[in-house]
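*Asks:* Submitted below is the structure of interest, expressed as structure tokens.
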Amino acid sequence: MGGRSRNCGLAVALLAMVSVPVMAQTCTTQAKMASDTRTALANEALMLGSAVKAGDANAVKAATVAEYASNFAPIEHAVDTTSEKLKGDTLRVTQVYLLDASTRKAGDTSDTEFTCPLKDTTSETDFSFSSLPPGVYGFAMVEAAGGDRSWLLSFLLLQQGSGWKMAGFYPHPRTAVGKDGLWYWTAARANVKAKMPWLAWVQYDEANELLRPASFVSSTDLDKLLAEQRAGAPPALSDGISVQTPLVVKGTGVQEFHFTAIANEQAGDGGSLHLVLHYAAEPLAGAEPNRVRDAAAAEAMIKAHPELRQGYGTVIVFADMPGQNPSVLSLPMTEIR
């Protein structure tokens, strides 16, 4: 699947990375958890969420494991930028999980998976980690809701003595333009049936982004979403697009563009969505030649797949060039003929 470019989807992955699972550890869901453990995890997560909402980076640092408290700048940045999004929101803990990896050996770099069957259902939530140090962990989800928007603040917690310390912070929005992930999932299904698979692809991607608590968390429902996305994808996208497998779109004459990502990004005022395109490019001399080429890239994509006009007022094009910052062009959709 194409990579995402949204600025609001901050994530500080401290101990966890997406990985291919190798061995299962013990997971306990909140329904089966001892009440004192469940309460302790929920209280710690709510305290951290309240500190983030207040922009109190010092309180978050004091509750962070020493390894990351000593290099706190990335977390502090995430706290500062996230707190701005939570003004007036109400916080509540929605899920907690207990992940026991205490039997792992120190220095073990193998991958670790936790499988968490949900009570009285056939569904499950799964966690995949790379090089997870031994210990007992908690994963807690705190919802921050206000008006027509909501954010999810997820925390990875490490048990230390009788208490818990933060070992990972993963904040991201739960809505885009006032619509939640289920809305985008339903819209994607409808657009597959309407023979608009390119638009559906981007909407499935948006649904996955909004519904997934963190990059290393999956679930039965998310697996179903991704399977639907693959099944409904146009042939050019069936294997996803990336730097290694770009989508080639022809422009005018002999011109062609190698796109590496297609995504959504919510406008700063939250009132509209941008269509975000990344493509691989070589540096050109001067800003104007880059601007002309970036505009041509946007026009080539929209002319090839006009259904992508729907729902977007602006196209943001990133020309990713080796060894330097990308050139970026914001182009109103009305300027693309």
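*Asks:* Quick check: at a probe of 1.4 Å, how many percent of the accessible area of the chain sits on carbon and sulfur atoms? Show your work: numbers first, answer last.
*Replies:* Working: 8190 of 15390 Å².
Carbon with sulfur: 53 percent of the solvent-accessible area.
*Asks:* Which residues' amide hydrogens lie under 5 Å from the amide hydrogen of residue 272, considering only partners 5 or more residues apart or on another chain, with H built in the peptide plane?
*Replies:* Counting only residues 5 or more places away or on other chains, the set is 267.
*Asks:* What is the Rg over Rh value, at two decimals, for the chain, using alpha-carbon atoms and the Kirkwood definition of Rh?
*Replies:* On the way: Rg = 21.4 Å, Rh = 21.5 Å.
Rounded to two decimals, Rg over Rh is 0.99.
*Asks:* Convert each backbone phi in the range 321-326 into a coupling constant with the Karplus relation 6.51 cos²θ - 1.76 cosθ + 1.60 (shift: θ = phi - 60°), then list the ³J(HN,Hα) values in order as whole Hz, x for Gly and Pro.
*Replies:* So the Karplus estimates, Gly and Pro as x, are 10, x, x, 7, 5, x Hz.
*Asks:* Let me ask you something else. Excluding residues fewer than 8 places away in the same chain, name every one of the lysines whose C-alpha is closer than 26 Å to that of residue 179.
*Replies:* By straight Cα distance, residue 179 reaches 53, 85, 87, 193, 195, 224.
*Asks:* Still on this model: Hey, can you grab everything whose amide H is under 5 Å from the amide H of residue 124? Only 5+ residues off in sequence or another chain; H modelled, so Pro and N-termini drop out.
*Replies:* Result for residue 124 returns 118, 220, 221.
*Asks:* Follow-up question, since we're still on this one. Can you give the accessible area of residue 252 in Å² (nearest 10), computed on protein heavy atoms with a 1.4 Å probe?
*Replies:* Probe radius 1.4 Å; accessible area of residue 252 about 100 Å².
*Asks:* At 1.4 Å probe size, with every protein chain present, just tell me what the per residue accessible area of the chain comes to in Å².
*Replies:* On the way: 15390 Å² over 337 residues.
About 46 Å² of surface per residue is accessible.
*Asks:* Would you mind giving the average projected area, over all directions, of the Cα convex hull of the range 235-337 in nm² with one decimal? Please report the intermediate quantities before stating the final value.
*Replies:* Numbers: hull surface 28.9 nm².
Value for the range 235-337: 7.2 nm².
*Asks:* Provide the net charge surrounding residue 256, with neighbours chosen by a C-beta distance below 15 Å and charges set as Lys +1, Arg +1, Asp -1, Glu -1. Working shown, then result.
*Replies:* Values: positive: 250, 293, 303; negative: 282, 294, 299.
My count for the surroundings of residue 256 gives 0.
The values are calculated or read from the model by the stated rules, or taken from the named source; none is laboratory data. No experiment lies behind these values; they were computed from the predicted model shown. Here Cβ is always computed from backbone atoms with ideal geometry, including for glycine, and neighbour counts include all displayed protein chains. Ligands, DNA and RNA are stripped out before the accessible areas are found, and what is left, the full protein with its side chains, is counted by its heavy atoms. Shrake-Rupley method; radii C 1.70, N 1.55, O 1.52, S 1.80 Å.
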